[in-house]
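One structure below.
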Amino acid sequence: MECRGVTYRLPSGTALVSDLNLTVARGETLILLGRSGSGKTTTLKLINRLLEPSEGKIIVSGRPASAWDPIQLRRGIGYVIQDAGLFPHWSVEKNVALVPRLEHWAEERIEARVKEMLELVGLPAGEFASRHPSELSGGQRQRVGVARALASDPPILLMDEPFGALDAVTRAELQREFRALASRLGKTIVFVTHDVREAIFLGTRIALLAQGRLVGVYSPKEFLRATEPEVRAFAESLHSGRGDEEAR
Amino acid sequence: MNWYDFLLRNRGEVVGRITEHVELVSAAMAIALVVGLPLGVALARRRALQRWVLGAANVVQTIPSLALFGFLIPVPWIGGVGASTAIVALALYALLPILRNTCTGIDGVDAAIIESARGMGMTPRQMLWQVELPLAAPVLLAGIRVATAMSIGITTIAAAIGAGGLGVFIFRGVAMVNNQVILAGAIPAALLAVLADSALGLVQRRLAAR
């Protein structure tokens, strides 16, 4: 997956993302890190064509995103957002089965897949499949969100602050599990966060954005040693002992 | 003579008038739903357009019903004295609550749910039928409920232009200066309204409980 000279402007002319060049290697977890309004979420939405770039090109699985049918493109890309965005009127089973059903899988195959996905995220299907999202805790909802995104086995996963709304303990738990899951499944993951700890813990590489521009791409080790002021600002927030709770 | 003595003695006509009344309301509601629901869906998430159309529907709502019935009589095709004119006027009144609640209901669906539905690759049609309409259903039904109760009330005035219904008793009673005859029209109409409202309320609660 690749962004080449991608710019996104609002109709008013304000650029939310400017001249972004970025390559995501197969199987890596690329973190998009930045402050609020730095263009992280916009970049993510450009990848699955929830937004269309004003300039530049995005390549997904070797093909320009603009050449894909947007519906097919999105079904091939898992998408997890903060608070999961589960459908409250559907059971966990129906939520997880969303994309397989849209893709007209056979019912037995869907049933098996839902079970497998729920087990994968640590929710026994027998206990959770028939529940509704309102009967789950925040952490459980987020797990279902991940299961739903993985259900059709897409090669790419986009995650927009998936753990942002969770309490610190649950978040740490999900981060640990997610890291293990990511290395086991070998998915290409683009992960948006403003939490530098999360970025260092989960990222293969970290792309830092500021005001819609790419500051640089670093491995977690490089990130801690880098000298750019914006990187220092993030690295220092790590040492000052305050996480993102107070910053938010 | 009591109002229910009157009802009992004129059983045949009373049942006929109730039937007429229900027919007028049903026809008007059917038209308002067929026009209002798709229009409401089309207007949802289009704030600017919504303001204009809801504004127009609001203006219709401010026209006194007797005047609206009168205005429509000379209009070709739909006009004239009788049921069809009444049905058009009633449908115009019922349109606003249906339209407004369809818009509000769909606009009120959580943006995160819509975003994830789009992001997972649902088509606009799939989103509408599987996500937006089911989640908007309780609000939508509240609009239908208001429109129905209102229509049952306004339909009593439709008797003034010869459309029949329970209003016939009310106007007759006024002319005869006979309160019992007025009540023979007003009480069944009120009961109809209460009945329809509680039935729809039941459906609404059931939908909201899901």
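Tabulated values for the structure
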quantity	calculated
Summed residue charge, Cβ within 12 Å of B:V146's Cβ, Lys/Arg positive, Asp/Glu negative	+1
Charge dipole (segment B:103-210, unit charges on Cβ, about Cα centre) - positive-most of B:T155, B:G121, B:L135	B:T155
Positive-end extreme of charge dipole, the protein assembly as shown - chosen from A:A25, B:V177, B:V194 (charges on Cβ)	A:A25
Dipole magnitude of chain A, debye to nearest 20 (Cβ charges: Lys/Arg +1, Asp/Glu -1, about Cα centre)	480
Most positive-pole-ward Cα, A:V196, A:P162, A:N95, against dipole of segment A:95-248 from beta carbon charges	A:V196
For B:121-128, mean number of other protein chain Cβ atoms within 10 Å	4
Segment A:215-227 - phi-based ³J(HN,Hα) in whole Hz, Karplus 6.51/-1.76/1.60, Gly and Pro as x	7, x, 10, 9, 6, x, 5, 4, 4, 6, 9, 5, 10
Cα gyration tensor category, rounded, prolate or oblate, for segment A:107-207 with a/c compared to 1.5	oblate
Charge dipole magnitude, Cβ of K and R +1, D and E -1 - the protein assembly as shown, Cα centre, debye nearest 20	440
Total lysine pairs under 25 Å (Cα atoms) in chain A, excluding pairs fewer than 8 apart on one chain	11
Amide N proximity, segment A:137-166 versus B:D110 label position 7 Å along Cα-to-Cβ, cut-off under 20 Å	A:137-151, A:158-166
Shape call, segment A:164-206: gyration tensor on alpha carbons, a/c limit 1.5	oblate
Protection proxy ranking, peptides B:118-131, B:78-91, average beta carbon neighbours within 10 Å, highest first	B:78-91, B:118-131
Kirkwood Rh in Å, taken over all unlike Cα pairs in segment B:101-188	16.0
Sequence-distant residues sharing a close amide H with A:V80 (under 5 Å, placed H)	A:L158, A:M159, A:D160
FRET efficiency, B:R11 to B:A175 (Cβ-Cβ, R0 25 Å, nearest 0.05)	0.70
Residues whose placed amide H lies under 5 Å from that of A:R213, excluding near-sequence neighbours	A:S18
At least 24 Å along the helix axis (C-alpha) and Kyte average at least -1.0, DSSP helices within chain B	B:11-43, B:83-107, B:133-155, B:179-209
Separation between Cα centres of segment B:1-67 and segment B:82-127, rounded to whole Å	18
J(HN,Hα) series, segment A:9-20, from Karplus relation 6.51 cos²θ - 1.76 cosθ + 1.60, nearest Hz, glycine and proline x	10, 6, x, 6, x, 5, 8, 8, 9, 10, 6, 8
B:L128/B:V22 FRET efficiency (R0 22 Å; Cβ-Cβ; nearest 0.05)	0.10
Assigned charges on the beta-carbon of Lys, Arg, Asp, Glu; segment A:150-198 dipole about Cα centre (debye)	220
Three-way shape label, chain A, alpha-carbon gyration tensor, a/c 1.5	oblate
Rg [Å, one decimal], Dmax [Å, integer] - the protein assembly as shown, C-alpha atoms	29.9, 99
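Read-outs: derived from the displayed coordinates by stated rules, not from any lab. Because the structure is predicted, anything quoted here is derived from the model rather than measured. Using ideal geometry, Cβ is built from the backbone for each residue, glycine included, and neighbour counts are taken over all protein chains shown.
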